[in-house]
Amino acid sequence: MKLDYDKDYTKTFHSPGIEPWISGFLKSKGSLGKVLDVGCGLGFSALLLKLYLGNVEYLVGVDTSPEKINKARGLNLYDELYVADIQDFNPESKFDTLIALEVLHALPASI
């Protein structure tokens, strides 16, 4: 049986990119438990995780931009949000899942 990860996703979001595959993959994993969203940006991942997938117990977002964190805070989907560089971020609690869906565009070209 072939899984069609795009089937339900396209009813909520529309993207020609990799997001439909990612959402299907994450949905197939069942509960993601406590999730750390590295580079949460404006909160797209929260929309995906909390509203579409609905398989997150607790969601924490981290980003280096105070402006983006403030906009993400306005969504009221994250349980906690922090302005921090992930290299300096030391969460006190353990996470079951770490996602970094919006960070690749910010990496230096030399990597």
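Here r is the Cβ-Cβ distance between Asp96 and Leu75 and R0 is 30 Å; the resulting FRET efficiency, rounded to 0.05, is 0.90. Among residues other than Val38 with Cβ under 11 Å from its Cβ, the summed charge is -4 (Lys and Arg +1, Asp and Glu -1).
Among residues other than Asp79 with Cβ under 13 Å from its Cβ, the summed charge is 0 (Lys and Arg +1, Asp and Glu -1). Each of Val56, Val62 has its accessible area taken with a 1.4 Å probe; listed largest first, they run Val56, Val62.
Suppose accessible area is computed on protein heavy atoms with a 1.4 Å probe; arrange Thr97, Thr64 from highest to lowest.
Values: Thr97 30, Thr64 95 Å².
So, going from the largest accessible area down, we get Thr64, Thr97.
Of Ile99, Ile22, the order by accessible heavy-atom surface (1.4 Å probe, DNA, RNA and ligands excluded), from most exposed downward, is Ile22, Ile99.
Label region 31-100 by shape, choosing from rounded, prolate and oblate, from the square roots a ≥ b ≥ c of the eigenvalues of the Cα gyration tensor; if a/c is under 1.5 it is rounded, and otherwise prolate applies when a/b is larger than b/c, oblate when it is not. In terms of gyration-tensor shape, oblate. Glu67 contributes an accessible area of around 120 Å² to the protein surface, as traced by a 1.4 Å probe with all chains present.
Accessible surface of Lys27, taken over heavy atoms with a 1.4 Å probe and every protein chain present, rounds to 90 Å².
The values are calculated or read from the model by the stated rules, or taken from the named source; none is laboratory data. Bear in mind the structure is a predicted one, so any value in this text is a computation, not a measurement. Please note: Cβ atoms are built from the backbone with ideal geometry, for glycine as well, and neighbour counts cover all protein chains shown. To get the accessible areas, we keep the full protein, side chains included, count just its heavy atoms, and leave off ligands, DNA and RNA. Shrake-Rupley method; radii C 1.70, N 1.55, O 1.52, S 1.80 Å.
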